[in-house]
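Heads up, the thing below is written out as structure tokens.
The values are calculated or read from the model by the stated rules, or taken from the named source; none is laboratory data. Since this is a predicted model, take the numbers as computed values, not measurements. In this analysis, Cβ positions are derived from the backbone assuming ideal geometry, glycine residues included, and neighbour counts consider all displayed protein chains. Each accessible area value is taken on the protein alone, full model and side chains, heavy atoms only, with ligands, DNA and RNA left out. Shrake-Rupley method; radii C 1.70, N 1.55, O 1.52, S 1.80 Å.
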Amino acid sequence: MKKRFNSFKDDSSLEKLNKELVWTSNRKQKQKQRLLEAIDQLEQSESVKPEKDIFFKKQNRPLRNIVYCGIALVILSGAFVSSAFVSPAMAQVVSKIPYLGQIFKKESVGTEIINTLRKKGYKIDSLGQTYYGGKKQIEISVDGSEKYFKRVKDDINKITKDILEARNYDSYKVKITWYDPVQYEYKPDPRQEKYDKINQEIDAELKKRNYHVLDASIAGFDSDARVALEVLDTEKHIEDIKQVISDVLVKNNEGKKPIKVYKINLKKQEQEGRWGNILDDVGEDLLGKEEYHVKMVGYSVHPEPQVFIYTSLSYSEENKEFANELEGIIDEFLQTDDMKVKIKGDPYKIIIYAKGKKKLN
């Protein structure tokens, strides 16, 4: 999947995802909505204990970091959301992982595909990569008329598969779709227009009182609508700020909406962005090859950076040995000069899981 948005909150949130994803056309608006709905459903359908909440609670694992590589069909024409992942089946496979030392010598597979197709003159609207439930797919959306789409579809499919084959990436399925402008015509929601005006009024009132917030805006609709208030984690006037927001809501007959406070740690925000990119570098080859039995990867920067690798391996002594060797290989890569520049001296841990989230290393 492709990227990029990164920021720290003391809880996972769709509000930040909504803002930080880059949506560059009307068609992207509908894709954005599908992504946000999918994440929302995932959040609502899962519940885990706090100490194991590596999927859904930001402090121990960023939900969005998992979701990025698990759900989103991401648009390459604006931003490319890449993800990292890893997972061979036997310890001896470790000796067959030369990719780590070569990662800086080539562009990502998605970038190579879309650039190649466009250089050949094909009308490509976007390219996305999805990883969900261990299923990996590259979807290419073709612009132009339906007649044009039918004429070039097979050629685009072949070029894409040739690029994947050249990299020995055998875990992807390829899907070629037609971008129908009518289907993706964006129609503004009148409720959003109203909320935009309220958001502007909230901003004006806060500035009038010299309250400095990172953001305060209504997110969602109907019963799910709430105000997402982002402040620095050093902010001392949160209750006063909430009162200003509440007064504006009442004035606009929206007084029942809850106010969700997100305390932003700027150091962690910057750190999280770096580690998201670090995982992109780690995962390119492993993600593409079936032999590694890829499942999912995530990371957290709380309290310090941790890389979470979820494999489809069973819990056994043999696989524990493999996990320890794999940890060593990843660590060796992270100690290269190129990666040290990104890591900036951060202490980190690499945690590898078997099925059922049993720790292997």
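Tabulated values for the structure
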item	result
Semi-axis lengths (Å, descending) of the ellipsoid that matches the C-alpha gyration tensor of the range 154-311	43, 25, 12
Simple Cβ-charge dipole of the range 274-349, Lys/Arg +1 and Asp/Glu -1, about Cα centre, in debye nearest 20	420
Surface per residue (accessible, 1.4 Å probe) for the range 203-355, Å²	49
Geometric extent, Cα atoms of the range 121-162 - Rg, Dmax (angstrom)	11.6, 34
Rounded percent of accessible protein surface that carbon and sulfur make up, the range 109-156, 1.4 Å probe	44
Percent accessible area from carbon and sulfur atoms, the range 243-339, protein chains only, probe 1.4 Å	47
Solvent exposure of the range 123-193 as accessible area per residue, Å², 1.4 Å probe	59
Links that overshoot a 28 Å alpha carbon limit, given the list LYS136/LYS158; LYS175/LYS357; LYS289/LYS357; LYS242/LYS342	LYS175/LYS357; LYS242/LYS342
Probe 1.4 Å, all protein chains present, accessible-area order of ARG151, ARG209, largest first	ARG151, ARG209
Heavy-atom SASA rank of THR160, THR130 (probe 1.4 Å, accessible area, largest first)	THR130, THR160
